[in-house]
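Q: Mind having a look at this structure? Questions to follow.
The values are calculated or read from the model by the stated rules, or taken from the named source; none is laboratory data. Predicted model only: the values in this text are computed from it and were never measured. Note that we place each Cβ from the backbone using ideal geometry, even for glycine, and neighbour counts take in every protein chain shown. Quick note on the areas: whole protein, heavy atoms, side chains included, nothing else; ligands and nucleic acids left out. Shrake-Rupley method; radii C 1.70, N 1.55, O 1.52, S 1.80 Å.
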Amino acid sequence: MKYTFEELNNEINRRLSEDDTYLSSGNSYIKIFQHGLVYALMESHVKPLKPYFNLPIFLQKIMFKRGKKNTTPSFVLKENVILDSGIPLNNESKDTSFFFNKIISELGSNVSTINLNPERGLKCDFNIHQLTDTKINFDETLNSKLIEVNDVYSKLQRSSLYSSLEKAYISSALHVFFHTFLRYYSVLRSQNVKRVYLTVHYNNEGIIGAAQSCGIEVIEMQHGLIHPLDLYYCYNKNLAPRLKKGYFPDRILLFGEYWKSVLLKGGEWEPSQLEIIGSVLPTHRSVNKSSEKTNTILIGSQKLMTEQYIPRIRQLLKTIENYPDWKIILKLHPLEKEVDKYQALKHPQLEIAPLASDLSDLLSRCKIQISVYSTTFYDAAGFDVMNFSWQGDGFGSDYARFMVAEGIAEALTSDEDPIEKYNTLISNHYSFLKRSAFYAPFNHEIIVK
């Protein structure tokens, strides 16, 4: 990775603070420009799409309407619509949503679920292809939006603040935005939907814009850790005026007060938009301290970080040989694509947990958890688990430093002995993380109000 998250955030903030190209009379395309800049700055291997905006408007309409069926939608959506990322609770239970199961239960029969990633197998009422492959008719809203995006595109092409590569990626992002807006608006305008729930607002600006144009409230549910260095959360407050009407949800439902305090450091949310829903994920089970602690180190890996984790795990395996009564359990990220590289780490004191393993059960039994940065650091709160964050350089290093600075984890270098460090801290009356700050009790009134 060319930049750390902190460096990338600083560069994005600097660039977008000096520009108003992305502002239209009614909306802010700041996040769309950010998408393009991130791809360009990170020297992405993904080729930018060739937009239609250099064509006359009437030809753009023809091109955007291509491939759609000449039919009117025959389905009916309920008042509440959940746009699910398609991740099931486990590989055996494809009808239980990892992120939304609790909310679906609260909404009962008044909810329609839509799978945004059908290839993941989660059973929903609809998949996204069923809904968006319908006839498109341009009305006043679509015509106005197309003209607005074209105006922003034209300003971008005239601007001297962006390189040709940056313009290509930003233009591609504008194309994706309008195409997504068009598809979702064409569905939602004929339905009686009142609320749309989703898990992330970034890269979903077209969905958010389409729903809000139809008078539909958009609600984001926290899906994992929120960090001041995240690219799409905790924007610098100097960008606050430019973030207004920047295609954000109407409100966000958070696990606990800690996450609210993190978001309030940024400039994109008003306090009234931040609501505490509490523990909604299956990993947020009640702490069970009846399980006996064993001499176990839990490692929670992150996707796309194989090169950082493998050497550190190898070093740790050498260290743990000095402690024959200890073992390591490796829990891979659910979306890990290089499982074979981890499986090659054969060692009698290493166990790779099945993907469907109960995290609460693992946390209740282990004494130490090690990662660079991970949501499981917070999940460990209340389980009397000592978190260690591997410090170093490169991707994720700024997150790792933050984990230590915030008191979420203890610092650990790759050549340090975590067991020795654990024993020393325990003998000095170590204070474990309390769970209540991160995960409040579930508040069903947030859903039914």
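Q: Using the C-alpha gyration tensor of the range 184-291, what are the square roots of 5 times its eigenvalues, in whole angstrom, with the largest one first? Can you show the working numbers first?
A: Values: eigenvalues 140, 79, 22 Å².
Each semi-axis is √(5λ); the values are 26, 20, 11 Å.
Q: Sticking with this structure for a sec: What nm value, rounded to one decimal, do you get for the distance between K341 and S154 when each label is placed 7 Å out toward the C-beta?
A: If labels sit at K341 and S154, their model points lie 4.8 nm apart.
Q: Same structure again: Given the pairs K61/K245; K65/K155; K78/K434; K145/K167; K155/K260; K31/K102, which are separated by over 32 angstrom at their Cα positions?
A: Details: K61/K245 25 Å; K65/K155 25 Å; K78/K434 39 Å; K145/K167 20 Å; K155/K260 36 Å; K31/K102 30 Å.
Listed pairs above 32 Å: K78/K434; K155/K260.
Q: Which whole-percent values make up P(r) of the range 254-340 when all C-alpha to C-alpha distances are grouped in 5 Å steps starting at zero?
A: The calculated distribution, bin by bin, is 3, 10, 14, 13, 13, 16, 15, 9, 6, 2, 1.
Q: Counting Lys +1, Arg +1, Asp -1, Glu -1, what net charge surrounds A173 among other residues with beta carbon under 12 Å of its beta carbon? Mind showing how you got there, number by number?
A: On the way: positive: K31, K167; negative: E166, E205.
Cβ neighbours under 12 Å give a net charge of 0.
Q: How much net charge surrounds Q212 when only the other residues with a Cβ under 10 Å from the Cβ of Q212 are counted, with Lys and Arg +1 and Asp and Glu -1?
A: On the way: positive: K245; negative: E217, D250.
That sum, taken over residues with Cβ under 10 Å, equals -1.
Q: Here is a follow-up. Quick check: residue separation of N137 and L425 times 0.36 nm, minus the Cα distance between them. What number comes out in nm? Mind showing how you got there, number by number?
A: On the way: separation 288, 0.36 × 288 = 103.68 nm, distance 6.59 nm.
The span from N137 to L425 would gain 97.1 nm if fully extended.
Q: Could the peptides 212-220, 310-318, 25-33 be put in order, highest first, of the mean number of other beta-carbon atoms found within 10 Å of their residues? Don't skip to the answer; put the middle values down first.
A: Details: 212-220: 18.6, 310-318: 16.1, 25-33: 20.6.
Packing proxy ranking, top to bottom: 25-33, 212-220, 310-318.
Q: Continuing with this model, one more query. Given 0.36 nm per residue, what is the gain on full extension from L264 to L231 after removing their alpha carbon distance, in nm?
A: Details: separation 33, 0.36 × 33 = 11.88 nm, distance 1.52 nm.
Roughly 10.4 nm would be gained on extension.
Q: Mind listing P(r) for the range 325-449? All alpha-carbon pairs, 5 Å bins, whole percents.
A: For the range 325-449, the pair-distance distribution reads 2, 9, 17, 21, 21, 15, 8, 4, 2, 1, 0.
Q: Enter the accessible area per residue of the range 147-224 (Å², integer; probe 1.4 Å; all protein chains in place).
A: Working: 2610 Å² over 78 residues.
Heavy-atom SASA per residue in the range 147-224 reads 33 Å².
Q: State which helices in the chain qualify, where a helix is a whole DSSP H run, it must extend 15 Å or more along its own axis by its Cα atoms, and its mean Kyte-Doolittle hydropathy must be at least -0.5.
A: Qualifying helices, which must be both long enough and hydrophobic enough, are 30-41, 164-188, 306-320.
Q: If I take R0 = 30 Å and measure r between the Cβ atoms of E445 and Q315 in this structure, what FRET efficiency does the formula 1/(1 + (r/R0)^6) give, to the nearest 0.05?
A: Values: r = 49 Å, r/R0 = 1.63.
Calculated transfer efficiency: 0.05.
Q: If I model a spin label at V287 and K47 as a point 7 Å from the Cα along the Cα→Cβ vector, what separation in nanometres do I get?
A: In this crude spin-label approximation the distance works out to 5.4 nm.
Q: Once label points are set 7 Å from the Cα along Cα→Cβ at both S272 and R66, what is their separation, rounded to one decimal in nm?
A: Label-label distance for S272 and R66, simple model: 4.5 nm.
Q: Using the 2.2 N^0.38 Å rule of thumb for compact globular proteins, work out how the chain stacks up: its C-alpha Rg over that value, please. Walk me through the numbers before you get to the answer.
A: Working: Rg = 23.5 Å, N = 449, 2.2 N^0.38 = 22.4 Å.
This ratio for the chain stands at 1.05.
Q: On a straight-distance basis, which aspartates and glutamates could pair with K194 in a cross-link, Cα separation under 13 angstrom, same-chain partners fewer than 8 positions away excluded?
A: E79, E217, D250
Q: Mind putting a number on the dipole of the chain about its Cα centre? Charges go on the C-beta only, +1 for Lys and Arg and -1 for Asp and Glu, and I need it in Debye to the nearest 20.
A: Numbers: 51 positive and 50 negative charges, 262 e Å.
So the dipole magnitude of the chain works out to roughly 1260 debye.
Q: List the lysines whose alpha-carbon lies under 19 Å from that of K341, not counting same-chain residues fewer than 8 positions away?
A: Qualifying lysines at Cα under 19 Å: K303, K318, K331.
Q: Please give the direction-averaged projected area of the C-alpha convex hull for the range 233-284, in square nanometres with one decimal. Before the final figure, lay out each step's value.
A: Numbers: hull surface 15.3 nm².
The orientation-averaged projected area of the Cα hull of the range 233-284 comes to 3.8 nm².
Q: Work out the FRET efficiency for K244 and T306 from their Cβ-Cβ distance, taking R0 = 51 Å, and round it to the nearest 0.05. Intermediate results must be reported in sequence, preceding the final value.
A: Values: r = 40 Å, r/R0 = 0.78.
The value I calculate is 0.80.
Q: Quick one: net charge around S301, please, counting Lys, Arg +1 and Asp, Glu -1 for every other residue with C-beta under 9 Å from its C-beta. Before the final figure, lay out each step's value.
A: Values: positive: K303, K331; negative: E336.
Result for the local shell: +1.
Q: Highest first, please rank the peptides 147-157, 49-59 by the mean number of other Cβ atoms sitting within 10 Å of their residues. Each step should come with its number before you reach the end.
A: On the way: 147-157: 17.4, 49-59: 14.2.
Packing order, densest peptide first, comes out as 147-157, 49-59.
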